[in-house]
Amino acid sequence: MPTFQFEAMDSTGAEIKDVIDAATEEDAQATIRQMGYFVTKISVKKARKQAQAAAGGKKRGFVFGGVGSKELTAFTRQLSILQDAGLPILRSLRILGEQAKPGRLKYSVEDTCEAIESGDTLSEGMAKCPKAFDRLYVNMIKAGEAGGALELILQRLADFKERAESLKRKVKGAMIYPCVVISVAVGILTFIMISIVPSFVGIFEDFDLDLPAMTIYLIAFSTWCVNYWYLIPGVPITIWLTIKLIRKFKAGRMGWDQFTIKVPIFGNLVEKNIMARTSRTLGTLISSGVPILESLTITRETCGNAVFEKLYLRIGERIREGDALAQPMKEYSQLSFHPVAAFFWFAFIGGPIGLLIYMLKYRQRVVDDIVVNMVDVGEETGELDTMLYKVADTYDEEVAVLTDGLTKLMEPLLILFLGGAVGFIVIALFVPLVELINGLSG
């Protein structure tokens, strides 16, 4: 027999919470009324789980990983719209769960529905599905439930996810073009070195020509490509795996993250992207009613960069001691020398020259004065969340400008590179051929 969990009031108005066994919900309500109580809330507690156990449970396909950010963003917006329409949360989740394709999100929504039917709140049910709903998501829902403003929180959460997804698309879109062009260029040049140039080498050897220096260099490089072609994809993959291995260690991760936010050209883009994302995250959490220390902890866990993780950790420690947000943000935003970061500068940015550039740049702060001033004003006026939103909007615009500028800059650079490479190959191959033709005709 199903077990129902109910909330009711007695004749004096006192609140009663208890459970009762009954065949149906109507029978349960009738029994509660006979007990002299007025039912305010009732839900099944065990019936669904017992029915599933009797039926052997639902068959689900095996899924890897979590929920994609794009999929979760669409789900959040749809849930916000359904709540604005006045549907009960359980009904809204059922609708979205039925529409979703089989996968992590669908199964997590179903598990959340079961948890709500068992007496859990929405945030408690989502907390049991961490691969779909992260800590930021759950805490915002929890704050909305505590403040009685779940619809508003869902709107803010949907806006936050959409802005974050839009920023990610801009950055990815800017990177796709140069990556594709470079990959195709490397493939074409490798094909020329392995297949085309060796056929010319045979011609030159047959006629015993005196080759110019650039042709000799081209032939030497072609011979290397023929003998060691596997190093062309092997070297980038090895470098990538080595960086992944180094980042497994705390010091290695800090060094690499320092390198990425200060590296020429792309470092400024990475730094502003992280600053925009973390400012919007922190502002959204604070505006949703999440306590400041919990907001800083969640922001630190979701920023994805060891430098900013350390920054927000130290800010949280100072706030716990009674300080404001702006002063420790200014103090701890200045980086210190890191040997692993110095190694990456030496290895990837021109040896001693790269090391010299690092020594000149590593003391630069990662949080600008304008951000500190805006945070300070927000704390003074009680509008910290609004100021953090303005910081995020400013950096979003700067990231968009940087990505557009980099894309426009990369196009002529790639054209120059390809034109120079092809021109060098053509000149190196055809100068000896012209000399050969002139000699034969003479």
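Read-outs throughout are calculated quantities, based only on the coordinates presented, and are distinct from any laboratory measurement. Computed from a predicted model, the values in this text were never measured in an experiment. Cβ atoms come from the backbone with ideal geometry, glycine included; neighbour counts cover every protein chain shown.
Only four residue types carry charge here, +1 at the Cβ of Lys and Arg and -1 at the Cβ of Asp and Glu. Report the dipole size of the chain about the Cα centre in Debye, rounded to the nearest 20.
Numbers: 48 positive and 50 negative charges, 189 e Å.
Magnitude of the dipole: close to 900 debye.
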Open item on the list: Using a Cα-Cα cut-off of under 20 Å, which lysines could be cross-linked to Lys70, ignoring same-chain neighbours fewer than 8 residues away?
Closed with: Lys101, Lys106, Lys131, Lys161, Lys168, Lys170, Lys172
Open item on the list: Show me the GluC sites (Glu not before Pro) within region 311-387 that DSSP assigns to loop and that have at most 13 other Cβ atoms within 10 Å of their Cβ.
Closed with: Glu321
TODO: Kindly express, to the nearest 10 degrees and within the range 0 to 90, the angle between helix 135-147's C-alpha long axis and the longest C-alpha principal axis of the chain.
DONE: 30 degrees
TODO: Take every Cα pair under 8 Å in the chain that's 6+ residues apart, average their separations, divide by the length, and report that relative contact order as a whole percent.
DONE: 13 percent
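Lys and Arg at +1, Asp and Glu at -1: add these up for the other residues within a Cβ distance under 12 Å of Asp10 and post the number. Kindly include the intermediate steps, with their values, before the conclusion.
On the way: positive: Lys17, Arg33; negative: Glu7, Glu15, Asp18.
In short, -1.
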Open item on the list: For the pair Lys250/Lys41, report the inter-label distance in nm, with labels modelled 7 Å from Cα in the Cβ direction.
Closed with: 4.2 nm
TODO: Return, for the Cα atoms of region 69-133, the radius of gyration and Dmax in Å, separated by a comma.
DONE: 10.9, 30
TODO: Lys and Arg at +1, Asp and Glu at -1: add these up for the other residues within a Cβ distance under 9 Å of Glu301 and post the number.
DONE: 0
TODO: May I ask which residue of Ile81, Val434, Gln34 lies farthest towards the positive end of the charge dipole of the chain, with charges of +1 (Lys, Arg) and -1 (Asp, Glu) on Cβ and the Cα centre as origin?
DONE: Gln34
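Loop only per DSSP, at most 13 neighbouring Cβ atoms within 10 Å: give me the trypsin sites (Lys or Arg not before Pro) in region 201-254, ordered by residue number. Don't jump to the answer; show the numbers that get you there.
Details: sites: Lys244, Arg247, Lys248, Lys250, Arg253; in loops: Arg247, Lys248.
Passing both the DSSP loop test and the Cβ count: Lys248.
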Open item on the list: Can you give me the angle between helix 213-227 and the longest principal axis of the chain, using Cα atoms only, in degrees from 0 to 90, rounded to the nearest 10?
Closed with: 50 degrees
Open item on the list: Assuming 0.36 nm per residue, please report the length gained on full extension of the stretch Leu241 to Val184 beyond their Cα-Cα distance.
Closed with: 18.3 nm
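Given R₀ = 60 Å, FRET efficiency for Lys131-Ser441 by Cβ-Cβ distance, to 0.05? Show your work: numbers first, answer last.
Working: r = 74 Å, r/R0 = 1.24.
That gives a FRET efficiency of 0.20.
Let's test the formula: R0 of 45 Å, r as the Cβ-Cβ distance of Ala14 and Arg318. What FRET efficiency results, to the nearest 0.05?
Working: r = 45 Å, r/R0 = 1.01.
In this case the efficiency is close to 0.50.
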Task: Among Gly144, Gly267, Gly351: highest mean-square fluctuation, GNM of the chain, C-alpha pairs under 10 Å - done: Gly351
- [ ] Could you work out how far helix 352-361 tilts from the main Cα principal axis of the chain, as a 0 to 90 degree angle to the nearest 10?
- [x] 40 degrees
Task: Which label in (i) 56; (ii) 71; (iii) 38 gives the computed percent of Cα pairs over 33 Å apart - done: (i)
